[in-house]
Amino acid sequence: MLEPIIQMENVHKYFGRVHALRGVTLKIDKGEVVVILGPSGSGKSTLLRCINHLEVNNSGKIVVDGIILKSAQNINAVRREVGMVFQSFNLFPHLTVMNNLTVAQRIVRRRNDTECKDIAQKLLEKVGIMDKADSYPGQLSGGQQQRVAIARALAMNPKIMLFDEPTSALDPEMIKEVLDVMLTLAKEGMTMVVVSHEMGFARAAASRCVFMDEGQIIEEGPPDVLFSNPTHERTKLFLSKVMQI
């Protein structure tokens, strides 16, 4: 039996007196698409950021692709295999789209210029903005910038993609173009952990949904089961506010 690609065991995280994660245990298999749902302040983003050590858990164990998150060397090894897309696009404003996609490839993956550009061109074509290669981020719409951010993460050939509310900063008409790219990745078998309130995406792409509240996992299951027949009262209340059950 294959080991899960992500394992979290009894993970606790504090921000001062705030107990952000309260004994979270979660296992994610290779190729799974897990959508994390819950109200603001429930610990969703903190959980995601602990997976690639942007936040350091106070106790418990996190294992990513067989590597225990402990030493700096281990953390860097994990980060090379984990791509992350944030709510804000975090592109380099002074670099063109093409250079945004090639700089980390050269430094981290040590690829030559030809290889970097070839990979970047294929990914820009994949996310539907090949014509924007020479543009700067400030010349793009929010949806286009987020697709560049996804392409930049994919350029590193990650085994896992983390998405932290990737559409929440976008205008409604731009959300679909980003979700379509994510849906394609899901269908191609990319392991994905997604913090999102996009229920349509969760229904279409998630193998499992996880509902969090007050730093704990309250309930989890396939989206059709969780959405149509939640068992916990807190889950029912949350879903009744965000969708028609």
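Things to note:
- With N as its number of residues, the range 23-80 has a Cα radius of gyration that, divided by 2.2 N^0.38 Å, comes to 1.16.
- Ranked by the mean number of other Cβ atoms within 10 Å of their residues, highest first, the peptides 10-16, 84-90, 97-103 fall in the order 97-103, 84-90, 10-16.
- Full extension of the chain between Asp118 and Ser59 gives 17.0 nm of extra length, using 0.36 nm per residue less the Cα-Cα distance.
- With the convex hull drawn around the C-alpha atoms of the range 169-223, the volume per residue stands at 92 Å³.
- Cross-link pairs Lys30/Lys61; Lys61/Lys159; Lys44/Lys126; Lys122/Lys159; Lys30/Lys176 - those with Cα-Cα distance over 24 Å: Lys44/Lys126; Lys30/Lys176
- ³J(HN,Hα), Karplus 6.51/-1.76/1.60, whole Hz, each residue of the range 20-37, x for Gly, Pro: 6, 10, 10, x, 6, 10, 8, 10, 10, 8, 4, x, 6, 10, 10, 9, 9, 10
- Counting only DSSP H runs of at least 4 residues, each contributing -39500 (n - 2.57), and dividing by the residue count of the chain, the helix-based mean residue ellipticity at 222 nm comes to -11500 deg cm²/dmol.
- Protection-proxy order for peptides 121-131, 228-238, each taking the mean of Cβ atoms within 10 Å per residue, highest first: 121-131, 228-238
- Accessible surface of the chain [probe 1.4 Å, protein heavy atoms]: carbon and sulfur percent: 48 percent
- Antiparallel bridges, percent of DSSP beta bridges restricted to the chain (to nearest 5): 55 percent
- Where the chain is the region considered: accessible area per residue in Å², 1.4 Å probe: 48 Å²
- Amide proton proximity set for Gly23, modelled H, under 5 Å, gap of 5+: Val11, His12, Lys13
- Asn76-Lys176 pseudo-label distance in nm [points 7 Å out on the Cα-to-Cβ vector]: 4.5 nm
- Summary of packing: across the peptides 147-159, 176-188, the per-residue average of other C-beta atoms within 10 Å ranks them, highest first, as 147-159, 176-188.
- Overall form of the range 144-200 per C-alpha gyration tensor (a/c, 1.5; a/b vs b/c): prolate
- Square roots of five times the Cα gyration tensor eigenvalues for the range 1-123, Å: 30, 18, 14
The values are calculated or read from the model by the stated rules, or taken from the named source; none is laboratory data. Model, not experiment: these values are computed from the prediction. Neighbour counts run over all protein chains shown; Cβ positions are idealised from the backbone, glycine included. Just the protein is used for accessible areas: all its heavy atoms, side chains included, with ligands, DNA and RNA removed. Shrake-Rupley method; radii C 1.70, N 1.55, O 1.52, S 1.80 Å.
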